[in-house]
C-alpha cells in the first residue's frame, strides 16, 4: 500500500515530523508518540482506499494512525489542523 500523505502541522505539537513514522512498525510508532504527549488511535489503512468516511479528530493531541494490517506498518498519520 503506497498511499501516504504528509499533513501540515500547526499549533503546539507542530515540531514533530510525522514523516519519520511512515513504514515504521505501528506499535513502536504509537508508543513513541504517546511518550511525546499525543493520544494516537489506530485504524485500518483500508479505510483510506475504500473511500469510507474517516472519523473526526477531536483535538490537537489526538492522532489517527492508519496502519497496513498485513505488516502492521504506519501508512498515514492525520492530526487536527
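The values are calculated or read from the model by the stated rules, or taken from the named source; none is laboratory data. Here the structure is a predicted model, which means the values were calculated and not measured. Note that each Cβ is placed from the backbone with ideal geometry, even for glycine, and that neighbours are counted across all protein chains shown.
Contact map, the range 9-23: first residue surrounded by 10 or more Cβ atoms within 10 Å (Cβ to Cβ), second residue in a helix (DSSP H, G or I) and modelled with pLDDT of 95 or more, Cβ cut-off under 7 Å, separation 6 or more or different chains; pairs are 21/29.
So, of the residues in the range 71-81 that are free of Cβ contacts under 8 Å to residues at least 60 places away in the same chain and within 18 Å of residue 24 (Cα to Cα), which turns out to be surrounded by the fewest Cβ atoms within 10 Å (Cβ to Cβ)? Spell out how you get there, then give the answer.
Within the range 71-81, the first condition is being free of Cβ contacts under 8 Å to residues at least 60 places away in the same chain, and the residues that meet it are 71-74, 80.
From what's left, within 18 Å of residue 24 (Cα to Cα): 71-74.
On the way: 71: 11, 72: 13, 73: 18, 74: 26.
Top of the filtered list is 71.
Within the range 27-59, being touching a strand residue (DSSP E or B) at 6+ places or on another chain (Cβ under 7 Å), under 21 Å from residue 15 (Cα atoms) and touching a residue at least 12 places away in the same chain (Cβ under 8 Å) holds for 29, 30, 33, 38, 39, 40, 41, 57.
Can you name every residue in the range 31-68 that is in contact with a helix residue (DSSP H, G or I) (Cβ under 7 Å, 6 or more places away or on another chain) and in a loop (DSSP other than H, G, I, E, B)? Write out each step before concluding.
Taking the range 31-68 as the starting set, the residues that turn out to be in contact with a helix residue (DSSP H, G or I) (Cβ under 7 Å, 6 or more places away or on another chain) are 40, 42, 54, 63, 65-67.
Across the range 31-68, the qualifying residue is only 54.
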